[in-house]
Amino acid sequence: MSAIAIDLPDDVVAARDGIVAFAEQEVIPRHQRNYELFENPRALYREDGRFSDALIELIREVRVASAEAGFYQMCVPEALGGGGLGHLAYYVAWQELFHRCGPRYRLMLYALAHWAFGPSRLLEQVTPEARERIMPGLMGINSAMLLDQGHAAVKELSMTKAYSVQVGFRAVDRAMQTHGAKGFTNELGLTEAWHALRIVNVADGTNEILNRTVVGRLLKGDLDL
């Protein structure tokens, strides 16, 4: 069976070599220092099956170190604050990481952001109105998935709550505007819906508090999208 040889661009080669060097300096030594932790499933997981606090802290350390070194978001689109190296660098980097680290160094999985390509082409074509209907549910599912995996999901929950309430406000406002003066009567229930949303907007943190929470998490190294 023959293989296809291609010449990789210089920036992709540099990214590949850099992420492997990072793994050798930051990922593998962490595994060696925490050998007993990784060899003991009881220490890796809580009784409910979620990641232990010790494992979550090691994952956070790897993500922060990778971000500071410029590798974690190197394939993320520039419009989202990443390096914009794209698909080729992403797959080349992962292939080299698996060749070097193998499956035993599980912290390697957190050295490079998985959401490397930004929103799908389909989502880019969706109208703002349709996006408002779709996104709250997707954000809620993502938060639930992270919680099931043992992550605190503080950033994701804050983003979900702040965005969803604002979408609800805009929907009710449009409905009231559409119905005119009738939208302010008790007949349609829109004023009650607006009042309920206003209460929810304050409960468990106003948008200002939630935004500050999100920024705080990002500054602490919770950079995964």
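Somewhere in segment 154-167, is a residue in contact with a Lys or Arg (Cβ under 9 Å, 6 or more places away or on another chain), more than 21 Å from Pro128 (Cβ to Cβ) and hydrophobic (A, V, I, L, M, F, W, C)?
Checking segment 154-167: at least one residue is in contact with a Lys or Arg (Cβ under 9 Å, 6 or more places away or on another chain), more than 21 Å from Pro128 (Cβ to Cβ) and hydrophobic (A, V, I, L, M, F, W, C).
Only one residue in Glu187, Glu156, Glu192 is in a helix (DSSP H, G or I) and more than 17 Å from Met139 (Cβ to Cβ). Which one? Give the derivation first.
Working: Glu187 fails: in a helix (DSSP H, G or I); Glu156 fails: more than 17 Å from Met139 (Cβ to Cβ).
Testing whether each residue is in a helix (DSSP H, G or I) and more than 17 Å from Met139 (Cβ to Cβ) leaves just Glu192.
Which one of these does Gly205 not meet: (1) modelled with pLDDT of 85 or more; (2) closer than 24 Å to Gly137 by Cβ?
(1)
Give me the pairs: first residue in segment 191-213 and within 24 Å of Arg174 (Cα to Cα), second residue at pLDDT below 85 and loosely packed, with under 13 Cβ neighbours inside 10 Å, beta-carbon distance under 9 Å, and six or more apart or on different chains, which are they?
These pairs meet every condition: Thr191/Thr185; Glu192/Asn186.
So the check is Cβ under 9 Å with 6+ separation or different chains; which pairs have a first residue in segment 127-150 that's closer than 15 Å to Ala162 by Cβ and a second one that's outside any helix (DSSP H, G or I)?
Going by the 9 Å Cβ cut-off, the qualifying pairs are Asn142/Ala153; Ser143/Ala153.
Do any helices (runs of 4 or more DSSP H) entirely within segment 26-109 hold 2 or more residues that are surrounded by fewer than 19 Cβ atoms within 10 Å (Cβ to Cβ) and touching a residue at least 24 places away in the same chain (Cβ under 8 Å), and if so, which? Step through it out loud before you land on a result.
On the way: elements: 28-33, 35-38, 41-44, 53-69, 86-101.
The helices (runs of 4 or more DSSP H) meeting that bar are 28-33, 53-69, 86-101.
The values are calculated or read from the model by the stated rules, or taken from the named source; none is laboratory data. In this text, all values refer to a predicted model and were calculated from it rather than measured experimentally. Note: ideal-geometry Cβ built from the backbone for every residue, glycine included; neighbour counts use all protein chains shown.
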